[in-house]
Amino acid sequence: MREYDLKVNMNEYLPLRDVVFNTLRQAILRGELEPGERLMEIQLAERLGVSRTPIREAIRKLELEGLVLMIPRKGAEVARISEKSLRDVLEVRRSMEELAIELACQRMTEEQVDELERAKKAFADAVACNDMMLMAETDEAYHEIIYRGTCNNRLVQIINNLREQMYRYRLEYIKDADKRPILLIEHDNIFRAVKARHVSEAKAAMREHIDNQEITVSRNLKEARS
């Protein structure tokens, strides 16, 4: 059994269970805890310097997000990324993103369009710095501006419920360095269509963005198994 190389970043504003949850979640998303790896409560508690209770609570939350699987008579392990789960999540995301970009084209204020342009630049800066986690964060921030621009709180709530599951696939897409220049183009195409208020072009650009993510991550999964 390998030694967990984890560090817990204490936050005085968060309960301990949330700090532990965030630590384990980031470790899974970064690949520090690998797909299929068992999560041993005792070893994790010792490594993070906490009791087993917040570890157990964090594992339950990670299971709800689809990042952890509970195996009968075996315990918890990091969920593997499957083509089925990828397809399921992205089918839903594709529909939600197309609706969001349609509404955003019609409803975003000029200030929000300017904010979207700044977010586009922030993502490009993250790519230039080759900071993968910053890329994921700035990519997520770019899309969040579009969600807010819909002025539809229910839609934003539904998308937020998928946020964590989408984040894992977003990170897998960004890991592919060859695709980052394409991501920059996709963001630019979406922005240009929104700025011009061209709904059909914006929807097509968003659809291409999600389709490319599915194709890339699916191909990488197949290559990893071969």
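The values are calculated or read from the model by the stated rules, or taken from the named source; none is laboratory data. Note that the structure is predicted; figures quoted are calculated from it, not measured. Please note: Cβ atoms are built from the backbone with ideal geometry, for glycine as well, and neighbour counts cover all protein chains shown. When the accessible area is computed, the model is the full protein with side chains, heavy atoms only, and any ligands, DNA or RNA have been set aside. Shrake-Rupley method; radii C 1.70, N 1.55, O 1.52, S 1.80 Å.
Within region 66-78, track down each residue that is crowded, with 17+ Cβ neighbours inside 10 Å and not β-branched (Val, Ile, Thr). Step through it out loud before you land on a result.
Initial filter on region 66-78 (crowded, with 17+ Cβ neighbours inside 10 Å): 67-69, 76-78.
Scanning region 66-78 gives Leu67, Leu69, Ala76, Glu77.
In region 185-199, which residues are of a type outside the set (Val, Ile, Thr) and open to solvent by less than 90 Å² (accessible area, probe 1.4 Å)? Don't jump to the end; show me each part of the working.
Keep residues of region 185-199 that are of a type outside the set (Val, Ile, Thr), which gives 186-189, 191-193, 195-198.
Scanning region 185-199 gives Glu186, His187, Asp188, Asn189, Phe191, Ala193, Ala196, Arg197, His198.
Could you grab me the full set of residues in region 79-104 that are basic (Lys, Arg), open to solvent by 10 Å² or more (accessible area, probe 1.4 Å) and touching a residue at least 40 places away in the same chain (Cβ under 8 Å)?
Quick first cut of region 79-104, residues basic (Lys, Arg) only: 80, 84, 87, 93-94.
Narrowing the set further to residues that are open to solvent by 10 Å² or more (accessible area, probe 1.4 Å) leaves 80, 84, 87, 94.
Arg80, Arg87, Arg94 - these are the residues of region 79-104 that are basic (Lys, Arg), open to solvent by 10 Å² or more (accessible area, probe 1.4 Å) and touching a residue at least 40 places away in the same chain (Cβ under 8 Å).
Taking interchain pairs and intrachain pairs at least six residues apart, which have beta carbon atoms under 8 angstrom, with the first residue in region 24-46 and without any contact (Cβ under 8 Å) to a residue 40 or more places away in the chain and within 19 Å of Ala224 (Cβ to Cβ) and the second of a type outside the set (Ser, Thr, Tyr) and open to solvent by 70 Å² or more (accessible area, probe 1.4 Å)?
Glu32/Asp5
Would you check which residues across region 76-120 are over 24 Å from Leu29 (Cα atoms) and of a type in the set (Lys, Arg) and list them?
Arg107, Arg118
Residue-wise test of (1) over 29 Å from Glu214 (Cβ atoms); (2) touching a Pro at 6+ places or on another chain (Cβ under 7 Å); (3) of a type in the set (S, T, N, Q).
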residue	(1), (2), (3)
Ala27	no, no, no
Gln43	yes, no, yes
Gly66	no, no, no
Val78	no, yes, no
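Taking only region 30-65 into account, find how many residues are out of contact with any Leu (no Cβ under 7 Å at 6 or more places or on another chain), in a helix (DSSP H, G or I) and open to solvent by less than 30 Å² (accessible area, probe 1.4 Å).
The qualifying residues number 2.
Determine if region 94-102 includes at least one residue that is acidic (Asp, Glu), under 26 Å from Leu155 (Cα atoms) and out of contact with any helix residue (DSSP H, G or I) (no Cβ under 6 Å at 6 or more places or on another chain). Working first, answer last.
Initially, region 94-102 is screened for residues acidic (Asp, Glu), giving 97-98, 102.
With the extra rule that they be under 26 Å from Leu155 (Cα atoms), the set shrinks to 97-98, 102.
Next, only the ones that are out of contact with any helix residue (DSSP H, G or I) (no Cβ under 6 Å at 6 or more places or on another chain) stay: none.
No, the conditions are met nowhere in region 94-102.
Residues in region 154-164: is at least one of a type in the set (D, E, K, R) and modelled with pLDDT under 90? Break it down into steps so the answer makes sense when it comes.
First pass over region 154-164, keeping only residues of a type in the set (D, E, K, R): 154, 163-164.
Adding the requirement that they be modelled with pLDDT under 90 leaves 163-164.
Yes, region 154-164 has at least one match.
Can you work out which of the residues in region 122-153 that are outside any helix (DSSP H, G or I) and modelled with pLDDT of 95 or more is least open to solvent (accessible area, probe 1.4 Å)?
Start the filter on region 122-153 by keeping residues that are outside any helix (DSSP H, G or I), which leaves 130-131, 150-152.
Then keep just the ones that are modelled with pLDDT of 95 or more; that gives 150-152.
On the way: Thr150: 0, Cys151: 90, Asn152: 54 Å².
In this case the residue turns out to be Thr150.
Which pairs have Cβ atoms under 7 Å, sit 6 or more apart or on different chains, and link a residue in region 157-173 that is in contact (Cβ under 8 Å) with a residue 60 or more places away in the chain to one that is of a type in the set (Ser, Thr, Tyr)?
These pairs meet every condition: Ile159/Tyr147.
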